[in-house]
Each structure stands twice: as structure tokens, then as C-alpha cells.
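The values are calculated or read from the model by the stated rules, or taken from the named source; none is laboratory data. Because the structure is predicted, anything quoted here is derived from the model rather than measured. Counting neighbours? That spans all protein chains shown, and the Cβs are built from the backbone with ideal geometry, glycine included. Surface accessibility is based on the protein's heavy atoms, side chains included, excluding ligands, DNA and RNA. Shrake-Rupley method; radii C 1.70, N 1.55, O 1.52, S 1.80 Å.
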Amino acid sequence: MWIQTSYNTLGGKHNKGGTPFRGNYAGIGYTWDEDNQIFWSEKPYTSWIKDVATASWKSPIGDAPELTEEQTAQNTANTHRWSYNWNEANQSWDIVNTKIS
């Protein structure tokens, strides 16, 4: 089977301002969803669900929280590296601080 795809489509958006096509480019390991006409990347976590509107996987509780202004400033200053990681066991977003030496 051959299904047309576009190198310029990712997450339901066309990176050059054009019309998105098939949700995502059909990369290695992607699967075809006939019902939604979308190529899906591998599921990152067992609990995550398809968001057809954005052609991407989402956690069952939504996006990661925003970093505070102080955390963002520390990231910009390269004194810390604040980020959120998904915790599958607890179904939560965990804040991680990797201090830069």
C-alpha cells in the first residue's frame, strides 16, 4: 500500500504555512490511522491518548505545567535546566532541575 505524505507536516501543522497533510510525515515507526487519515508516531507512554486535532499524543491529564518566571530566567541564564518529565507510574508531571555546573 502507498499513502501520500508531506515532509512539511508535523503535529497537524505545515511548517511552511501550507495545508497540513495526513497529520504528520510518515516517518520510520509511524503507523497509519485509516479512520482519522493520520500517520502516528510511536505511543510515548501506555496511558497517553491520541489528540486528533493536533495529530499528536497527549497525557491523560493534559499538558505539562508552565515554568515559573524564576525557573525560566534560570534556564535563560544557564544556571539551571528546569523541565517537566512525565511520570507514568503516578500519572503526573514531575518537575526536574538539572543544575548546570
> Filter the stretch 15-50 for residues that are exposed (fewer than 14 other Cβ atoms within 10 Å of the Cβ) and part of a strand (DSSP E or B); which is modelled with the highest pLDDT?
Replying inline: ILE49
> Filter the stretch 62-97 for residues that are of a type outside the set (Ser, Thr, Tyr), in a strand (DSSP E or B) and touching a residue at least 12 places away in the same chain (Cβ under 8 Å); which is farthest from LYS50 (Cα to Cα)?
Replying inline: ASN97
> Of all residues in the stretch 66-78, which are out of contact with any helix residue (DSSP H, G or I) (no Cβ under 8 Å at 6 or more places or on another chain) and open to solvent by less than 60 Å² (accessible area, probe 1.4 Å)?
Replying inline: GLN71, ALA73, GLN74, ASN75
>> Going by what's in this entry, would TRP93 be described as open to solvent by less than 50 Å² (accessible area, probe 1.4 Å) and touching a Ser or Thr at 6+ places or on another chain (Cβ under 8 Å)?
In response: no
> Inside the stretch 51-64, can you point out the residues that are open to solvent by less than 80 Å² (accessible area, probe 1.4 Å) and either within 12 Å of TRP86 (Cβ to Cβ) or in contact with a helix residue (DSSP H, G or I) (Cβ under 6 Å, 6 or more places away or on another chain) (or both)?
Replying inline: TRP57, LYS58, SER59, PRO60, GLY62, ALA64
